[in-house]
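See structure below.
Only the coordinates and a few stated rules stand behind these numbers; no lab work does. The structure presented is a predicted model; accordingly, all values stated were derived computationally and were not measured. Please note: Cβ atoms are built from the backbone with ideal geometry, for glycine as well, and neighbour counts cover all protein chains shown.
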Amino acid sequence: LPGVAEVRILLTSERRTRRILAVASGKGGVGKSTVAANLAIALARRGLRVGLVDADIYGPSQPKLLGVEGVKPQARDKVLLPIETPFGLRMLSMGGLVAEGQAIAWRGPMAGGALGQMVDADWGDTELLVLDLPPGTGDVQLTMIQKHKPAGAVIVSTPQDLALIDATRAIDLFNKAGVPIVGLVENMAGYCCPHCGGVSDPFGSGGAEKAAGALGIPFLARIPLAMEIRAASDAGTPPAAGDTDSSGSFVTLADSVYE
Ligand code: ADP
């Protein structure tokens with residue numbers, strides 16, 4: 001099994017072979033999709049040709065995050081063509097394959113087939129595919145990991161105990177599949193009150209860093225809980241595309257993933 005340093009070299013050096021970087025979380029709502037989108041944009045801003053696959057079959061949120069809701073991907077010779085987003089990023093989402101507002105009740109093999117088509121789409125000269133996985137450690141995740149063999153995985157968690165316990169399960173899933181963990185990102189840490197300027201920790205503080213230490217995996221970055229991140233995400237203008245404080249934390253994350 002390659003170590004973390006080797007994973008970074010793997011991701012960095014073999015620019016002509018397309019690599020997959022999985023972004024995963026043990027549970028939903030911890031900001032996995034937000035982190036995946038902004039990490040992908042921060043990497044693209046460094047000149048890397050990046051694609052994003054939104055494999056979250058339960059709640060595909062990338063079309064909204066990237067301001068391309070309702071844009072359907074085209075196909076050529078039955079091969080999907082990724083959507084060009086305004087942020088120097090190509091993207092395919094389960095959300096683009098079903099009608100808006102429709103319940104997504106994929107059965108395992110069907111979901112696996114649709115996800116496979118997205119990974120095997122016409123990505124052209126894309127060097128790195130960021131894979132936004134569904135939360136949890138179910139069949140779809142396992143199939144994706146085994147079939148498409150990511151070069152590494154980034155795990156997203158809040159500082160909270162419960163989220164961390166679930167993140168540990170996700171880490172275990174990658175370990176069993178032989179996929180190296182690039183590291184753990186702590187999201188929704190430290191909330192800075194826009195009124196009084198005081199910082200509070202709604203989901204606790206430092207938990208993820210401690211857990212990463214105990215698990216022997218790198219701690220990559222701390223992303224604050226910020227109104228600006230939520231608002232920019234809802235508006236389809238990801239913070240990493242701008243030049244604010246919160247874009248800085250995604251730059252830090254990109255630097256720690258890809259040297
Ligand atoms: P997941 O993919 O883990 O289900 P999302 O990325 O969809 O989570 O995030 C869940 C919600 O939390 C979204 O409304 C998102 O805008 C918000 N959110 C995520 N990260 C942050 C953050 N650091 N600060 C503020 N809001 C955030």
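The table for this structure:
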| quantity | calculated |
| --- | --- |
| For LYS176: the one exception among (1) surrounded by fewer than 23 Cβ atoms within 10 Å (Cβ to Cβ); (2) touching a Gly at 6+ places or on another chain (Cβ under 9 Å) | (2) |
| Residue match in the range 171-182 (condition: free of Cβ contacts under 8 Å to residues at least 40 places away in the same chain, polar (S, T, N, Q) and within 20 Å of LEU21 (Cβ to Cβ)) | yes |
| Candidates GLY112, GLY152, filtered to the one that is free of Cβ contacts under 8 Å to residues at least 60 places away in the same chain and either closer than 18 Å to LEU97 by Cβ or buried (at least 18 other Cβ atoms within 10 Å of the Cβ) (or both) | GLY112 |
| Residue match in the range 181-197 (condition: part of a helix (DSSP H, G or I), within 16 Å of the ligand (Cβ to nearest atom), closer than 24 Å to ALA40 by Cβ and of a type in the set (Asp, Glu)) | no |
| The lone exception for GLY26 - which of (1) surrounded by fewer than 24 Cβ atoms within 10 Å (Cβ to Cβ); (2) in contact with a Lys or Arg (Cβ under 6 Å, 6 or more places away or on another chain) it fails | (1) |
| Single condition ILE229 does not satisfy, out of (1) within 14 Å of the ligand (Cβ to nearest atom); (2) in a strand (DSSP E or B); (3) under 24 Å from LEU66 (Cβ atoms) | (2) |
| Residue that is surrounded by the fewest Cβ atoms within 10 Å (Cβ to Cβ) [pool: residues in the range 184-206 that are touching a residue at least 60 places away in the same chain (Cβ under 8 Å) and either basic (Lys, Arg) or touching a helix residue (DSSP H, G or I) at 6+ places or on another chain (Cβ under 7 Å) (or both)] | ASN187 |
